[in-house]
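Comments concern the structure below.
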Amino acid sequence: KIEKSKKLFKVEINNFYKNPYTFLKSVYYIESSSLIVFFSQFTKITPNQLTFIYIVLGIIGCFFLASNNDILIITGSFFFFTKGSFDWADGTLAKFKRGPTEIGNLLDNWGALVGQYSFLTGLGLYVYNKENEIIFILFTLLIMFLKVIDIKSYSYQLFSIELENSKDKKNFLKKINF
(Lines give C-alpha, C1' and ligand atoms only; values in the text may rest on other atoms or scores of the structure.)
Protein backbone atom coordinates (compact mmCIF):
# COMPACT_ATOMS: atom_id res chain seq x y z
CA LYS A 1 0.00 0.00 0.00
CA ILE A 2 2.84 2.40 0.82
CA GLU A 3 4.54 1.57 -2.47
CA LYS A 4 1.36 2.54 -4.38
CA SER A 5 1.16 5.78 -2.44
CA LYS A 6 4.79 6.57 -3.19
CA LYS A 7 4.24 6.06 -6.91
CA LEU A 8 1.00 8.02 -6.92
CA PHE A 9 2.25 11.02 -4.96
CA LYS A 10 5.97 10.67 -5.79
CA VAL A 11 6.96 11.35 -2.20
CA GLU A 12 9.76 9.44 -0.60
CA ILE A 13 8.91 9.24 3.08
CA ASN A 14 12.00 7.16 3.85
CA ASN A 15 14.48 9.69 2.50
CA PHE A 16 15.42 12.30 5.09
CA TYR A 17 17.54 14.34 2.67
CA LYS A 18 14.81 14.75 0.05
CA ASN A 19 11.89 15.30 2.46
CA PRO A 20 13.11 15.98 6.00
CA TYR A 21 9.77 17.24 7.29
CA THR A 22 7.80 14.34 5.82
CA PHE A 23 10.36 11.84 7.08
CA LEU A 24 10.37 13.19 10.65
CA LYS A 25 6.60 13.56 10.74
CA SER A 26 6.11 9.99 9.51
CA VAL A 27 8.51 8.58 12.09
CA TYR A 28 6.80 10.59 14.84
CA TYR A 29 3.31 9.48 13.77
CA ILE A 30 4.31 5.83 13.41
CA GLU A 31 5.98 5.67 16.80
CA SER A 32 3.40 7.69 18.74
CA SER A 33 0.41 5.96 17.11
CA SER A 34 1.99 2.59 17.92
CA LEU A 35 2.08 3.57 21.59
CA ILE A 36 -1.51 4.80 21.48
CA VAL A 37 -2.69 1.54 19.88
CA PHE A 38 -0.61 -0.60 22.24
CA PHE A 39 -2.16 0.95 25.34
CA SER A 40 -5.66 1.34 23.86
CA GLN A 41 -6.04 -2.25 22.73
CA PHE A 42 -6.35 -3.48 26.32
CA THR A 43 -8.99 -0.92 27.30
CA LYS A 44 -12.57 -0.12 26.39
CA ILE A 45 -11.38 2.76 24.20
CA THR A 46 -12.90 2.47 20.73
CA PRO A 47 -11.36 3.60 17.43
CA ASN A 48 -14.14 6.20 17.11
CA GLN A 49 -13.15 7.66 20.48
CA LEU A 50 -9.60 8.09 19.16
CA THR A 51 -11.09 9.83 16.13
CA PHE A 52 -13.00 12.19 18.43
CA ILE A 53 -9.76 12.98 20.27
CA TYR A 54 -8.26 13.78 16.85
CA ILE A 55 -11.19 16.11 16.10
CA VAL A 56 -11.17 17.79 19.53
CA LEU A 57 -7.41 18.42 19.36
CA GLY A 58 -7.97 20.28 16.08
CA ILE A 59 -10.75 22.42 17.54
CA ILE A 60 -8.82 23.20 20.73
CA GLY A 61 -5.73 23.89 18.61
CA CYS A 62 -7.75 26.48 16.68
CA PHE A 63 -8.71 28.38 19.84
CA PHE A 64 -5.18 28.16 21.25
CA LEU A 65 -3.62 29.35 17.99
CA ALA A 66 -6.09 32.22 17.82
CA SER A 67 -5.29 33.33 21.36
CA ASN A 68 -2.84 36.09 22.07
CA ASN A 69 -0.94 33.97 24.60
CA ASP A 70 2.45 32.63 23.48
CA ILE A 71 2.21 29.47 25.62
CA LEU A 72 -1.25 28.66 24.21
CA ILE A 73 -0.04 29.34 20.66
CA ILE A 74 2.83 26.87 21.08
CA THR A 75 0.47 24.36 22.71
CA GLY A 76 -2.03 24.80 19.86
CA SER A 77 0.72 24.22 17.30
CA PHE A 78 1.73 21.07 19.17
CA PHE A 79 -1.93 19.92 19.16
CA PHE A 80 -2.16 20.41 15.41
CA PHE A 81 1.01 18.43 14.86
CA THR A 82 0.18 15.67 17.34
CA LYS A 83 -3.44 15.11 16.37
CA GLY A 84 -2.20 13.12 13.38
CA SER A 85 -0.97 10.41 15.75
CA PHE A 86 -4.56 9.75 16.77
CA ASP A 87 -5.61 9.75 13.12
CA TRP A 88 -3.01 7.08 12.36
CA ALA A 89 -3.95 5.09 15.48
CA ASP A 90 -7.72 4.87 15.00
CA GLY A 91 -7.59 2.69 11.88
CA THR A 92 -5.00 0.35 13.34
CA LEU A 93 -6.99 -0.01 16.56
CA ALA A 94 -10.10 -0.74 14.49
CA LYS A 95 -8.27 -3.61 12.77
CA PHE A 96 -7.29 -5.04 16.16
CA LYS A 97 -10.66 -4.65 17.84
CA ARG A 98 -13.46 -5.34 15.37
CA GLY A 99 -12.56 -4.07 11.96
CA PRO A 100 -13.16 -0.74 10.23
CA THR A 101 -16.74 0.52 10.00
CA GLU A 102 -18.59 2.91 7.70
CA ILE A 103 -19.21 5.35 10.56
CA GLY A 104 -15.50 5.19 11.45
CA ASN A 105 -14.58 6.07 7.87
CA LEU A 106 -17.12 8.90 7.86
CA LEU A 107 -15.81 10.29 11.16
CA ASP A 108 -12.22 10.04 9.93
CA ASN A 109 -12.95 12.01 6.76
CA TRP A 110 -15.07 14.53 8.64
CA GLY A 111 -12.32 14.92 11.25
CA ALA A 112 -9.83 15.76 8.51
CA LEU A 113 -12.10 18.55 7.27
CA VAL A 114 -12.67 19.86 10.79
CA GLY A 115 -8.91 19.87 11.34
CA GLN A 116 -8.29 21.66 8.06
CA TYR A 117 -10.83 24.38 8.76
CA SER A 118 -9.73 24.67 12.38
CA PHE A 119 -6.14 25.25 11.33
CA LEU A 120 -7.08 27.82 8.69
CA THR A 121 -9.32 29.67 11.13
CA GLY A 122 -6.75 29.57 13.94
CA LEU A 123 -3.96 30.73 11.65
CA GLY A 124 -6.06 33.57 10.24
CA LEU A 125 -6.98 34.77 13.72
CA TYR A 126 -3.36 34.39 14.87
CA VAL A 127 -2.15 36.66 12.05
CA TYR A 128 -4.98 39.11 12.76
CA ASN A 129 -3.96 39.26 16.44
CA LYS A 130 -0.32 39.87 15.51
CA GLU A 131 -0.98 42.52 12.85
CA ASN A 132 -4.33 43.94 14.02
CA GLU A 133 -5.46 44.43 10.41
CA ILE A 134 -9.03 43.51 9.42
CA ILE A 135 -7.78 42.38 6.00
CA PHE A 136 -6.54 39.14 7.60
CA ILE A 137 -10.05 38.33 8.83
CA LEU A 138 -11.36 39.00 5.34
CA PHE A 139 -8.66 36.81 3.77
CA THR A 140 -9.46 34.02 6.22
CA LEU A 141 -13.16 34.21 5.32
CA LEU A 142 -12.31 34.29 1.61
CA ILE A 143 -10.06 31.22 1.89
CA MET A 144 -12.77 29.36 3.82
CA PHE A 145 -15.36 30.28 1.20
CA LEU A 146 -13.10 29.17 -1.66
CA LYS A 147 -12.46 25.85 0.09
CA VAL A 148 -16.18 25.28 0.54
CA ILE A 149 -16.99 25.88 -3.14
CA ASP A 150 -13.96 23.95 -4.49
CA ILE A 151 -15.62 21.47 -6.86
CA LYS A 152 -12.32 19.79 -7.74
CA SER A 153 -11.59 18.92 -4.11
CA TYR A 154 -15.16 17.73 -3.60
CA SER A 155 -15.04 15.54 -6.72
CA TYR A 156 -11.74 13.95 -5.60
CA GLN A 157 -13.25 13.27 -2.21
CA LEU A 158 -16.39 11.78 -3.72
CA PHE A 159 -14.31 9.72 -6.17
CA SER A 160 -12.17 8.38 -3.32
CA ILE A 161 -15.21 7.37 -1.31
CA GLU A 162 -16.84 5.66 -4.29
CA LEU A 163 -13.58 3.87 -5.15
CA GLU A 164 -13.15 2.71 -1.57
CA ASN A 165 -16.72 1.41 -1.43
CA SER A 166 -16.52 -0.29 -4.83
CA LYS A 167 -16.40 -4.07 -4.69
CA ASP A 168 -14.73 -4.33 -8.10
CA LYS A 169 -12.13 -1.56 -8.15
CA LYS A 170 -10.69 -2.46 -11.57
CA ASN A 171 -14.07 -2.17 -13.32
CA PHE A 172 -14.83 1.03 -11.41
CA LEU A 173 -11.59 2.60 -12.68
CA LYS A 174 -12.27 1.40 -16.22
CA LYS A 175 -15.78 2.83 -16.10
CA ILE A 176 -14.47 6.31 -15.36
CA ASN A 177 -11.55 6.01 -17.84
CA PHE A 178 -8.84 6.25 -15.19
Overall form of the stretch 48-178 per C-alpha gyration tensor (a/c, 1.5; a/b vs b/c): oblate
Residue of Leu24, Leu123, Leu72 that the Gaussian network model of the chain assigns the largest fluctuation, springs spanning Cα pairs under 10 Å: Leu24
Links that overshoot a 32 Å alpha carbon limit, given the list Lys18/Lys44; Lys18/Lys147; Lys25/Lys130: Lys18/Lys44
Whether the stretch 14-120 is rounded, prolate or oblate, judged on the alpha carbon gyration tensor where a/c under 1.5 counts as rounded: oblate
Restricting the stretch 139-171 to trypsin sites (Lys or Arg not before Pro) in coil, as DSSP defines it, with at most 13 other Cβ within 10 Å: Lys167
Nearest 10 degrees, 0 to 90: helix 70-97 Cα axis against the chain principal axis: 10
Distance (nanometres) between label positions extended 7 Å along Cα→Cβ at Ile103 and Lys44: 1.6
Residue-span extension gain [Ile74 to Glu133] - 0.36 nm each, minus C-alpha spacing: 19.0 nm
Most mobile of Asn165, Asn48, Asn109 in a GNM of the chain (Cα contacts under 10 Å): Asn165
Top of Asn15, Asn69, Asn132 by mean-square fluctuation, Gaussian network on the chain, Cα under 10 Å: Asn15
Relative contact order, percent, the chain [alpha-carbon distance under 8 Å, six or more residues apart]: 20
Lys18, Lys25, reordered so the largest accessible area comes first (probe 1.4 Å): Lys18, Lys25
Whole-Hz ³J(HN,Hα) from phi, Karplus 6.51 cos²θ - 1.76 cosθ + 1.60, for the stretch 98-105, glycine and proline x: 8, x, x, 10, 4, 5, x, 5
Tyr156 versus Tyr21: modelled label distance in nm, points set 7 Å from Cα along the beta carbon direction: 1.6
Whole-Hz couplings from phi, Karplus 6.51/-1.76/1.60, listed for the stretch 22-32; x for Gly and Pro: 5, 4, 5, 5, 5, 4, 4, 5, 5, 5, 5
Angle between the chain longest axis and helix 151-165 axis [Cα atoms, degrees, rounded to 10]: 30
Computed over the stretch 52-100, Kirkwood Rh from alpha-carbon pairs, angstrom: 11.4
For the stretch 50-92 and the stretch 119-155, distance of Cα centres in Å: 18
FRET efficiency, Ile143 to Phe81 (Cβ-Cβ, R0 25 Å, nearest 0.05): 0.75
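The values are calculated or read from the model by the stated rules, or taken from the named source; none is laboratory data. None of these values were measured; they are calculated from a predicted model. Positions of Cβ are generated from backbone atoms using ideal geometry, with glycine treated the same way; all protein chains shown enter the neighbour counts. Quick note on the areas: whole protein, heavy atoms, side chains included, nothing else; ligands and nucleic acids left out. Shrake-Rupley method; radii C 1.70, N 1.55, O 1.52, S 1.80 Å.
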